[in-house]
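These notes concern the structure reproduced below.
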Amino acid sequence: GLPFYALQLEILANFCLGALFMYLLARRLTRRRGSALLAALAFTLGGYLTSYPPEQLPVLEGSIWLPLALYFAHRATDLPGFRKPGRSVRLAWCGVALGMSILAGHPQVAMLTFYTTLLYLAYRAWRARISLSPHLPISPVLLYPALAALVGLGVGAIQWLPTAEFMGLSTRATITFAEVQAGFRPGALLSV
């Protein structure tokens, strides 16, 4: 019963969140406000987010969480040494961002967000050469992504059954590559 205007506001809110998350990540990486602002604008108003995702809201809602997950992955691996008190909290927040991507309801976007974040987290742990406590038999390269993934899967657990049901009812698996290889026909763009 909500007006179409409410959907437009939701799309705008997602763009604003995506810009904020990318700003945080770029500010952390570059330590410059101007560069972070440019990165946020490029991410938010660039080709990907402004083309297909607004038509498929779960794609947009899932995609905006990647910069925030990378931000917390970067922050978790910035701390030297293994037993730093803030590391587990930052890994948990990384997992929460991953879980939010699952809650958006688009499995492919969530999967790509997980892959990208967990590989980045493993790379950062390896690059930092974080030393482990002698009591733990697992490397941070495996441990940190596993912890973030577990939190993410836990946060997104309520979305698992609806997503599995949707995938079972979807006709996408029966569509051939020839039917989808070209995208929209040029005339379809004029009719919008």
Considering the stretch 49-78, residues that are among the acidic types (Asp, Glu) and closer than 18 Å to residue 7 by Cβ, and then whichever is least open to solvent (accessible area, probe 1.4 Å), we arrive at 61
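Do the conditions hold for residue 117, that is, is it within 26 Å of residue 170 (Cα to Cα), β-branched (Val, Ile, Thr) and either modelled with pLDDT of 95 or more or in a loop (DSSP other than H, G, I, E, B) (or both)?
So residue 117 fails the test.
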Within the stretch 130-179, can you find the residues that are modelled with pLDDT under 85, among the aliphatic types (A, V, I, L, M) and under 18 Å from residue 115 (Cα atoms)? 141, 142, 143
List, please: which pairs have Cβ atoms under 6 Å, are six or more places apart or on different chains, and start with a residue in the stretch 1-18 that is closer than 19 Å to residue 42 by Cβ and end with one that is at pLDDT 90 or above? 14/60; 14/61; 14/64; 15/44; 17/64; 18/44; 18/64
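For every residue, the table says whether it meets (1) open to solvent by less than 70 Å² (accessible area, probe 1.4 Å); (2) hydroxyl-bearing (Ser, Thr, Tyr); (3) more than 24 Å from residue 96 (Cα to Cα).
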| position | (1), (2), (3) |
| --- | --- |
| 3 | no, no, yes |
| 10 | no, no, no |
| 17 | yes, no, no |
| 27 | no, no, no |
| 34 | yes, no, yes |
| 47 | yes, no, yes |
In the set 40, 76, which member is among the aliphatic types (A, V, I, L, M), under 16 Å from the mean Cα position of the chain (by Cα) and either under 23 Å from residue 155 (Cα atoms) or at pLDDT 95 or above (or both)? 40
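The values are calculated or read from the model by the stated rules, or taken from the named source; none is laboratory data. The structure presented is a predicted model; accordingly, all values stated were derived computationally and were not measured. Ideal geometry is used to build each Cβ from the backbone, glycine not excepted, and the neighbour counts take in all protein chains shown. Remember, those area values only see protein heavy atoms, side chains included, never the ligands or the DNA or RNA. Shrake-Rupley method; radii C 1.70, N 1.55, O 1.52, S 1.80 Å.
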